[in-house]
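Input: a single structure, listed below in structure tokens.
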């Protein structure tokens, strides 16, 4: 069992002892720290009249995890006890919650989701008043407050209040209003679509989106939001055999798969083969760049194909540290028109600065309709790379920083990027190794023009880590 505190929030397994797992005590403590942080940063900017005019307002949304209702009650009750008004949007995707924060003019938001983690996990993800994840500096402030014992709650006359709203239609209409989303083209293409929403909130909002996009032939797999995930919730090839087999057998035009909180999008071709999670962003970016000249950003662990496509359209590509907040900060810095992460996360500023599978679906279907290609044919128009994803489980005695320093020295003859772990760029590919923010592991990703070469790059680094790990301990 595990409890992980980071700048992006708190994540852990439900049950067990406080401090070692995500228990009610930990949830209350962390929510209180967030409320104090919001109060310290927001009220300091208000005039005395404004301070008296209203309480702090926090939006709370959650995915359909089994523990979601319990965590939601604790979070909302704690915020009310801290004097905050709560806008509870219920079962909602992560991007829906992000958009709701700005729509409500709220001071922040909490998303109750453990994203792609299995059902025993849950988490609190923290948003600022822009509906964006807290940056490193602000996240560290929340962590510091968490360690403080100086906690004071609101008196009975100053308790917050809770209201309930549904922002599904608002989110969908936001997507439909995008200039590059062509509902008429999608409707005329008459696509047949299969979706797998892994028994979470995607099963509510994705069918609604498709219907408003003019799709009439929709097959729903695992769309009941029960929280009992029908398969491993991470949208990877090995977990998606059901939808792949269905599409191939029934000659469906395209398949879409989302994770439990709907910020990642995987696509399945008409022959049942995976489009490739790395290529979700590549394909959407290619479409956006063909109509909007500009720059792109992805994280260090994402495919080189985005760089290739960006340069083809005359733009500039930049890499950011892993993590949505880092990608967003880099996108703002270089005025990127599209960006995201290679795990199927599309960030389109014309909508909002957050990974959004709904935006990805709408833009992808528009592109597919206009190009009049099969999904497999569209995939072949992009540069071919293969990524090998590996990991090493961490034990308390492993000195990760020491290992990374040694690896960096071993490959000093190549281009090295150390803004987030160590990335080694070879002429024919790359290897990126970093400590995970969400799991006790070292992630080792590699890419090359062939699967064999990508595996070879990764294995060489893994062997090196095993060789040196015994001599580099805490």
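Some notes on this structure:
- Calculated log₁₀ intensity ratio I(q)/I(0) where the Debye formula runs over C-alpha points of region 386-469, q = 0.12, 0.15, 0.20, 0.25 Å⁻¹: -0.31, -0.48, -0.87, -1.33
- The modelled label-to-label distance for the pair residue 290/residue 138, using points 7 Å beyond Cα in the direction of Cβ, is 3.6 nm.
- Alpha-carbon centroid distance for the pair region 155-172 / region 376-454, whole angstrom: 43
- Sorting 262, 75, 156, 28 from the fewest to the most surrounding beta carbons within 10 angstrom yields 156, 28, 75, 262.
- Per-residue [θ]222 nm for the chain (sum of -39500 (n - 2.57) over DSSP H runs n ≥ 4, rounded to 500): -11500 deg cm²/dmol
- Taking all Cα pairs closer than 8 Å and separated by 6 or more residues, the relative contact order of region 161-226 comes to 36 percent.
- Given the alternatives (i) 64, 57, 39; (ii) 63, 62, 41; (iii) 97, 69, 46, Cα extents along the principal axes in Å as computed for this entry is given by (ii).
- From the C-alpha gyration tensor of region 272-406, square roots of 5λ in Å: 28, 18, 13
- Sites residue 179 and residue 308, calculated FRET efficiency, Cβ-Cβ separation with R0 35 Å, nearest 0.05: 0.90
- Highest mean packing comes first when the peptides 223-231, 8-16 are listed by Cβ atoms within 10 Å, giving 8-16, 223-231.
- Of all DSSP beta bridges confined to the chain, the antiparallel ones make up roughly 60%.
- Going from the fewest other Cβ atoms within 10 Å to the most, the residues 410, 197, 82, 269 appear in the order 410, 269, 82, 197.
- Annotation: the residues 456, 119, sorted from fewest to most other C-beta atoms within 10 Å of their own C-beta, follow the order 456, 119.
- Where only alpha carbons of region 171-379 are counted, the Rg and the Dmax (Å): 15.8, 46
- Rg and Dmax, both from the Cα atoms of region 3-166 and both in Å, are 14.6, 47.
- Distance between modelled label sites at residue 416 and residue 164, nm, 7 Å Cα→Cβ extension: 5.6
- Share of Cα-Cα pairs in region 232-286 lying beyond 19 Å, as whole percent: 23
No value in this document is a laboratory result; all are computed from the given coordinates. None of these values were measured; they are calculated from a predicted model. Using ideal geometry, Cβ is built from the backbone for each residue, glycine included, and neighbour counts are taken over all protein chains shown.
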